[in-house]
Amino acid sequence: MTAADQPARPLDAFGPGSVVVPPPGDPATFPALQAEIRELAREHDAVILAHSYERPEIQDVADHVGDSLNLSRVAASAPQSTIVFCGVSFMAETAKILSRSKRVLLPDIKAGCSLADSITVEQLRGWKAEHRGAVVVSYVNTTAAVKAESDYCCTSGNARAVINAVPVDKQILFLPDMFLGLWLQRVTGRKLHIWLGECHVHAGIRPSDVEQWHRDLPGAELLIHPECGCTSQIIEIAGDDAHILSTEGMVTYAQQSTAEAFLIATETGILHRLNLKAPGKRFVPVNREAVCQYMKLTTLEKVRDSLRLGIHEIDVPAEIAARARLALERMIAIS
Ligand code: 13P
Ligand code: SF4
């Protein structure tokens, strides 16, 4: 099977309930599969990128592990002609937007994102028509078409700086994550128009999860991703112990902090990376069920087949890519 044999489908067309997550593989098979993948990557001139929510064995076989933006930057600067993106579709699209001449592969085409699904380009056009002249700031968890309709992109790591860079006399449409939007309103003091989208995984992390752990593990620092449900209430519970951080920000913070224990409020895949990068410290997920089934679709077998068969090749039409790239470049210039 080649990329051309794949049925055409819009990206992000599968709801979280419709994806079947493969069971955990047999760890005894991992070393041989990983060796095969490394050999195929060499043969096919490919670099393997993995988001920090991916399964541990996928993170371990990758050339680079990180957050969505860092990985897209690595993709653009990597010398290899093929990028295997072990992540979700909007990330592979972003890599393709920033690396036009490279082949970008996504091992499982069903790896979508409920947050990116929460706004379509038609909805955004309608929203813009209601607020003519407003500046559109889109989180990177959006489709390429939505990025192309945006003035700026942002990530959890630079959203505050992007909002602060918009002239104060301009209205801002912020999308698609409402929790991130509400937090940005609080820390920037700017009034934002906020799209009511959410990530089903982060929205499921509730203040009560944090409250219990904060009681049980006094002194632990709380690292929260701003997509979490009711981030503002969580800050009130944890006070000075709370730190709102992007995924990569959590890794850097944990490495530099003198604290011994950390409560982690984000997708649990990050724990593998935290344990690797900050050994000897204790990391406790506030909600063990915070698992992104889209991220867990990627298995070693699928990465191997992706390399062998060239599946699933991600493309973004040139005209959309050019406009989406502008929004990404404006963000990069700020941060
Ligand atoms: P990052 O941009 O921090 O990689 O996060 C992406 C994501 O999907 C968070 O849920
Ligand atoms: Fe999307 Fe949420 Fe999964 Fe991140 S954790 S990829 S925002 S569904």
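Just so you know, all these numbers are worked out from the coordinates, no wet-lab data involved. Everything quoted here is computed from the prediction, not taken from an experiment. Here the Cβ positions follow ideal geometry from the backbone for every residue, glycine too, while neighbour counts run over all protein chains shown.
Taking the alpha-carbon set of segment 190-330, what are its Rg and Dmax in Å?
In Å, with Rg to one decimal and Dmax whole: 18.3, 53.
Obtain the nm distance between the two label points defined at Leu217 and Val19 by a simple spin-label model: each point lies 7 Å from its Cα along the Cα-to-C-beta direction.
Here the modelled spin labels are 2.6 nm apart.
Let's test the formula: R0 of 41 Å, r as the Cβ-Cβ distance of Thr29 and Arg282. What FRET efficiency results, to the nearest 0.05?
0.85
So if a site counts as exposed when it's one of the GluC sites (Glu not before Pro), its DSSP state isn't H, G, I, E or B, and it has at most 13 other Cβ atoms within 10 Å, what's the longest stretch of the chain without one? Numbers along the way, then the final one.
Details: sites that count: Glu260, Glu289.
Longest stretch, sites excluded: 1-259.
In what sequence do Val136, Val146 fall when counting other Cβ within 10 Å, fewest first?
On the way: Val136 21, Val146 27.
If I rank by nearby Cβ atoms, fewest first, I get Val136, Val146.
Could you give the length gained by full extension between Arg38 and His131, i.e. 0.36 nm per residue of separation minus their alpha carbon distance, to one decimal place?
Between Arg38 and His131, full extension yields an extra 28.5 nm.
Identify all lysines with a Cα-Cα distance to Lys128 below 19 Å; exclude those on the same chain that are fewer than 8 residues away in sequence.
Lys147, Lys170, Lys191
Roughly speaking, what is the stretch gain from Ala261 to Glu289, that is 0.36 nm per residue apart minus the C-alpha to C-alpha distance, in nm to one decimal?
Length difference between fully extended and current span is 8.1 nm.
So if each residue of separation counts as 0.36 nm, and I subtract the Cα-Cα distance between Gln171 and Gln233, what length gain in nm does that give?
In short, 19.7 nm is gained.
Please state the shape class of the chain: rounded when a/c is under 1.5, otherwise prolate if a/b exceeds b/c and oblate if not, all from the C-alpha gyration tensor. Working shown, then result.
Numbers: a/c = 1.78, a/b = 1.10, b/c = 1.62.
It comes out oblate by the Cα gyration axes.
Which shape class, rounded, prolate or oblate, goes with segment 41-200 when its Cα gyration tensor gives a ≥ b ≥ c as root eigenvalues, a/c under 1.5 marks rounded, and past that a/b bigger than b/c marks prolate?
prolate
Apply 1/(1 + (r/R0)^6) to the Cβ-Cβ distance of Asp45 and Ala161, taking R0 = 41 Å, and write down the FRET efficiency to the nearest 0.05.
0.70
Which of rounded, prolate, oblate describes segment 123-250, given a ≥ b ≥ c as roots of the alpha-carbon gyration tensor eigenvalues and a/c under 1.5 marking rounded, otherwise prolate only if a/b is larger than b/c?
Prolate, because a/c is 1.5 or more and a/b exceeds b/c.
Relative contact order for segment 29-169: what is it in percent, counting Cα pairs under 8 Å that are at least 6 residues apart?
In percent, rounded to a whole number, it is 16.
Evaluate the distance, in nm, between pseudo-label points positioned 7 Å from the Cα of Lys191 and of Asp63 along their respective Cα→Cβ axes.
4.9 nm
How high is the relative contact order of the chain? Use alpha-carbon pairs under 8 Å, at least six apart in sequence, and give a whole percent.
Values: 669 pairs, mean separation 80.5, N = 335.
Relative contact order comes out at 24 percent.
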